[in-house]
Amino acid sequence: MPSAQDVGRMIARSIGPVAVGMAPQAAGGALRMILEIAIDGRGALPGAKAAAVRQLQRHRGAVDDAIQSLIDFHVRLASAQGFATNLGGIATLPVAIPANLTGVAVVQIRMVAAIAHLRGYDLADNRVRTALMMCLMGGEEVAKHIAIGDLPTSPMAVATAPVFDPELDRVVAEKVVADLGTRVTGKSMTLLLTRRVPLIGGGIGAAVDALSTQQIGEYAKSELVTRRSIRRPAPVTD
């Protein structure tokens, strides 16, 4: 299994073409592309199901242990990805921001999708995919949007709704992209001075991405409750 640093470098090398599509008017299409990469994998990067099954095997079918291991790994992965995309000094700022935004989204959706798979959700279901995107905003942001009427309900309710709502999916995509952009832009203001010493900038980027990934992982773990049991895989030996 690739290390977090190896996968982080893979993401940093491959996300450039996706990052270009993150303009607000292309939010839905860009996030769908990121969802496909995160769920199905790309190149040497295994998809969410493969990551989930691997951890379930390592923990001998203990779903809760596998989920915690997934969160821990993706926190390290976000740190490695954040470090890779935030290196380079102040001259790279306009390029690194969209690349970092996309890289963090790939890591975090992959983590949330893997958790959802272990809890028995169908990752091919568009209702579930809308819920996965909602989880990227984190619990506080979702609650705020529900309180002011921007969103009708929680990710869990969306994932188990009677039918898929394409208009809600569009709204969620736009709000997720706006939220990610705000987070990355806010982080860039902190990095603006520290990027004059590139290694310091990379370290701050890694810490911020790791923290947000930890928070989103814990939110997804609490929000996406078990729907059905999944078959226990055969254990693996290392």
Measuring from label point to label point, each 7 Å out along Cα→Cβ, what is the residue 164 to residue 143 span in nm?
-> 3.1 nm
Based on the mean of other Cβ atoms within 10 Å per residue, sort peptides 158-167, 32-41 so the most packed one is first.
-> 32-41, 158-167
Arranged from highest to lowest average of other beta-carbon atoms within 10 Å per residue, in what order do the peptides 129-137, 55-63 appear?
-> 129-137, 55-63
Karplus-derived 3J(HN,Hα) from phi for segment 52-62 (6.51 cos²θ - 1.76 cosθ + 1.60, θ = phi - 60°), whole Hz, x at Gly and Pro, runs 5, 5, 4, 5, 5, 5, 4, 9, 6, x, 7
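Only the coordinates and a few stated rules stand behind these numbers; no lab work does. Model, not experiment: these values are computed from the prediction. Please note: Cβ atoms are built from the backbone with ideal geometry, for glycine as well, and neighbour counts cover all protein chains shown.
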